[in-house]
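Note sheet for the following structure.
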Amino acid sequence: MELTILILLLPFLSFLILGIGGKWMSHRTAGTIGTLILGAVAVLSYVTAFQYFSAPRLEDGTFATLIPYNFTWLPFTETLRFDLGILLDPISVMMLIVISTVSLMVHIYSFGYMKGETGFQRYYAFLSLFTMSMLGLVVATNIFQMYLFWELVGVNSYLLIGFYYTKPAAIAASKKAFIVTRFADLGFLIGILIYGYYGGTFGFTPDTVSLISGGASMLPLALGLMFVGGAGKSAMFPLHIWLPDAMEGPTPVSALIHAATMVVAGVYLVARMFPLFIAYAPDVLHMIAWVGAFTAFYAASVACVQSDIKRVLAFSTISQIGFMMVALGVCTSMDPHEGGLGYMASMFHLFTHAMFKALLFLGAGSIIHAVHSNEMSAMGGLRKYMPITHWTFLIACLAIAGIPPFSGFFSKDEILAACFQYSPVMGWVMTVIAAMTAFYMFRLYYGIFWGKEPSRASSHSDHTPHGNQEAAPCHLHESPLAMTFPLMFLAAVTCGAGFIPFGHFISSNGESYSIHLDPSVAITSVVIAIISIAVATWMYKNARQPVADSLAKQFKGLHKAAYNRFYIDDIYQFVTHKIIFRCISTPIAWFDRHVVDGFFDFLAWATNTTSDEIRGLQSGQVQQYAYVFLCGALALILLLVL
């Protein structure tokens, strides 16, 4: 495993080469360098995974935890220290596969999608740096190292969302993402510090913890605060507001950061700290489940009425991340047979979702590339012009809807089974949300590929360089091979990933677990998904949509509220601008300008005035100095005599 260090060094090298020398390279050269290096990273990740999972298990039936590299950066005590290294265990190795695969597909896809863009070399440099940051996060040997790469991922998100830096909406979206996640990460950092102080370690497992007095009561608080950071990164309610706006970045960035890798960092955090949650904070874990359930329902409700295809997928991502959080939260033990099924189900869904959601976003990019608009009103009937995009997009829709034999069915069924084990209420809540998922995804599918064909004229899209809004004739055609190859590859993975014996590689206690479908759960979920798809077909397949229009008018208030995200963004705007800025920040700013600055201005004025008055004492005239000296000497003599 000594070569694993190259998995981090190669993308960083790519960033340096493209970032420093990119302006002297052609677009083709820069893209080729970035893609070839990422291809090498992907090969190394697959070799690492093969070697790791093919190695003999330990006597207790688990895979070994390997640390091929580690050095102590800042030691505090024997157990409390900042280490930097590489940790390989089942979930970190699985994440190497996810990140490298999706990132490689995005690099290839961007050859076609970003062709001709200003800043092409800068774009590939940022992609490389993001990939390195995310890889460093998942192989971290301790929570503090994870936090360092966590923040680096946030910086890269800011850079990539704001790639079109002359476009006001992109600038606002990048700042919004950065600020919201920074507030969440403050909770994460405080949680790390509390954990380090009371637990005496930054390790991930209970056997590394050395509790001090009162530590057992403080660890739930520490883990809860860490989850706040995860909730921000994974866009859990109410910290979700940055993710839909982040769609202002290039669509391949949406596929890489906001669907497949970055937003699952919060899920990965909870999974990484899972033994500590079970040991010290099971109630916090169950709270996470209900937060995830509400987030999944809220996001699915909003996705049902959005017209921008990327925002439909954005809210779909939020909802699916909610599923993963719920799966982790419903666990009650480390044994997958006795309450620990959700851990494996969450990681399984993370893996399958990364592939089909990246496929959906890249498919959306292919569509936007053709029609030059994000709005469904500019689409319709595209199946006749874009057959590869159509069929691959349909495969992804079937997968996320939970239709067998596609991968989403297997992973989502395990989540539903874990939810029913925890509580019938939770099981039915998540089943209803799964039905909503099938409905809004096929609403999206029919709106794009069927329905009424509009007059073909391009409008604003994120692919138009720097937000140029000039309309131009739109000649519909399938995307180039650089864009369709990743679609076909990810579609193939989506078709086959469900048959991977995932439980043999990853489970809550590390032992091999044979996945077995619960017939009652599976049949119920499939039937409900089919009914939802049938309803969407009835409402949206034809050119006219009388049922959908009638429902929108009948429930006008609810429809408008859902379209406007239930005004959560407006509430944030009101609280920040009308209350915090006006009632708190403005008085503080006045006090700072008039009192604090005024006091220091007075000190400066007094100093200058006094200096002007006494500067004559330093005239440089020897006679004056002698006179003052004699006067001083006489004064001292008089004082001593008297």
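The values are calculated or read from the model by the stated rules, or taken from the named source; none is laboratory data. Bear in mind that the values here come from a model prediction, so they are computed numbers and not experimental data. In this analysis, Cβ positions are derived from the backbone assuming ideal geometry, glycine residues included, and neighbour counts consider all displayed protein chains.
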**Study point:** Of all residues in the stretch 229-238 being touching a Ser or Thr at 6+ places or on another chain (Cβ under 8 Å) and part of a helix (DSSP H, G or I), the one that is nearest to G187 (Cα to Cα)
**Key:** G232
Exercise for review: Residue by residue through the stretch 144-161, note down the ones that are more than 30 Å from T32 (Cβ to Cβ) and crowded, with 24+ Cβ neighbours inside 10 Å.
Suggested key: M146, W150
Check your understanding: Looking at D185, is it of a type in the set (D, E) and farther than 30 Å from S316 by Cα?
Key -> no
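Taking the stretch 61-79 as the search range and keeping residues that are of a type outside the set (A, V, I, L, M), assigned to a strand (DSSP E or B) and in contact (Cβ under 8 Å) with a residue 24 or more places away in the chain, which one is surrounded by the fewest Cβ atoms within 10 Å (Cβ to Cβ)? Walk me through it before giving the result.
Initial filter on the stretch 61-79 (of a type outside the set (A, V, I, L, M)): 61-63, 65, 68-73, 75-79.
This time we only want the ones that are assigned to a strand (DSSP E or B), so: 68-73, 75.
Now narrow it down to the ones that are in contact (Cβ under 8 Å) with a residue 24 or more places away in the chain: 68-70.
Working: P68: 15, Y69: 16, N70: 13.
Only one residue fits best here, namely N70.
On the given criteria, is E78 over 21 Å from M134 (Cα atoms) and at pLDDT below 85? Can you show your working first?
Numbers: over 21 Å from M134 (Cα atoms): yes; at pLDDT below 85: yes.
Yes, satisfied.
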Review point. Would the stretch 188-209 turn up any residue that is under 30 Å from A303 (Cα atoms), at pLDDT 90 or above and not hydrophobic (A, V, I, L, M, F, W, C)?
Key: no
Check your understanding: Any idea which residue in the stretch 80-95 is farthest from the chain's Cα centre (by Cα), counting only those that are within 26 Å of Y198 (Cα to Cα) and in a strand (DSSP E or B)?
Key -> R81
Review point. Hey, L58 hits all of (1) surrounded by 16 or more Cβ atoms within 10 Å (Cβ to Cβ); (2) over 28 Å from the mean Cα position of the chain (by Cα) but one; which does it fall short on?
Key: (1)
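Answer with yes or no whether I97 is modelled with pLDDT of 90 or more and touching a Pro at 6+ places or on another chain (Cβ under 7 Å). Explain how you work it out, then say what you get.
Working: modelled with pLDDT of 90 or more: yes; touching a Pro at 6+ places or on another chain (Cβ under 7 Å): no.
So I97 does not fit the description; no.
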Check your understanding: If you go through the stretch 406-420, how many residues are surrounded by fewer than 24 Cβ atoms within 10 Å (Cβ to Cβ) and among the polar types (S, T, N, Q)?
Key -> 0
Review point. So which helices (runs of 4 or more DSSP H) stay within the stretch 239-306 end to end and still have 3 or more residues that are more than 12 Å from the chain's Cα centre (by Cα)?
Key: 265-272, 274-280, 282-303
Study note, to complete from the structure: Of those in the stretch 533-559 that are modelled with pLDDT of 80 or more and loosely packed, with under 14 Cβ neighbours inside 10 Å, the residue nearest to M379 (Cα to Cα) is W538
Revision key, fill the gap. Note on the stretch 504-519: residues modelled with pLDDT of 90 or more and part of a helix (DSSP H, G or I) are H504, F505
Revision key, fill the gap. Contact list, first residue from the stretch 385-408 and in the same structural domain as S532 (by TED's automatic domain parsing) and of a type in the set (A, V, I, L, M), second anywhere and outside any helix (DSSP H, G or I) and at pLDDT below 95, beta-carbon distance below 6 Å, six or more apart or interchain, is M386/E478; I388/E478; L398/F406; A399/F406
Study note, to complete from the structure: Subset of the stretch 577-624, residues among the charged types (D, E, K, R) and either touching a Gly at 6+ places or on another chain (Cβ under 7 Å) or over 30 Å from K176 (Cα atoms) (or both), comes to D597, D601, D612, E613, R615
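Could you go through the stretch 371-394 and let me know if any residue there is under 20 Å from L517 (Cβ atoms) and among the acidic types (D, E).
First pass over the stretch 371-394, keeping only residues under 20 Å from L517 (Cβ atoms): none.
No - not one qualifying residue is present in the stretch 371-394.
Per-residue answers, yes or no, for (1) touching a residue at least 40 places away in the same chain (Cβ under 8 Å); (2) over 30 Å from F351 (Cβ atoms); (3) in the same structural domain as G380 (by TED's automatic domain parsing); (4) more than 28 Å from the chain's Cα centre (by Cα):
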{"residue": "C495", "(1), (2), (3), (4)": "yes, no, yes, no"}
{"residue": "F499", "(1), (2), (3), (4)": "yes, no, yes, no"}
{"residue": "S512", "(1), (2), (3), (4)": "yes, no, yes, yes"}
{"residue": "A536", "(1), (2), (3), (4)": "yes, no, yes, yes"}
{"residue": "G557", "(1), (2), (3), (4)": "no, yes, yes, yes"}
{"residue": "H577", "(1), (2), (3), (4)": "no, yes, no, no"}
Review point. Given the conditions (1) closer than 25 Å to Y69 by Cα; (2) loosely packed, with under 14 Cβ neighbours inside 10 Å; (3) touching a residue at least 24 places away in the same chain (Cβ under 8 Å), which single one is not true for V43?
Key: (3)
Review point. Looking at (1) more than 18 Å from P244 (Cα to Cα); (2) surrounded by 23 or more Cβ atoms within 10 Å (Cβ to Cβ); (3) among the polar types (S, T, N, Q), which is the only condition S377 fails?
Key: (2)
Exercise for review: Only residues in the stretch 317-333 that are in contact (Cβ under 8 Å) with a residue 60 or more places away in the chain and more than 13 Å from A296 (Cβ to Cβ) count as the first member; pair them with residues that are crowded, with 24+ Cβ neighbours inside 10 Å and of a type in the set (F, W, Y), Cβ under 6 angstrom, at least 6 apart or cross-chain, and list the lot.
Suggested key: C331/Y343
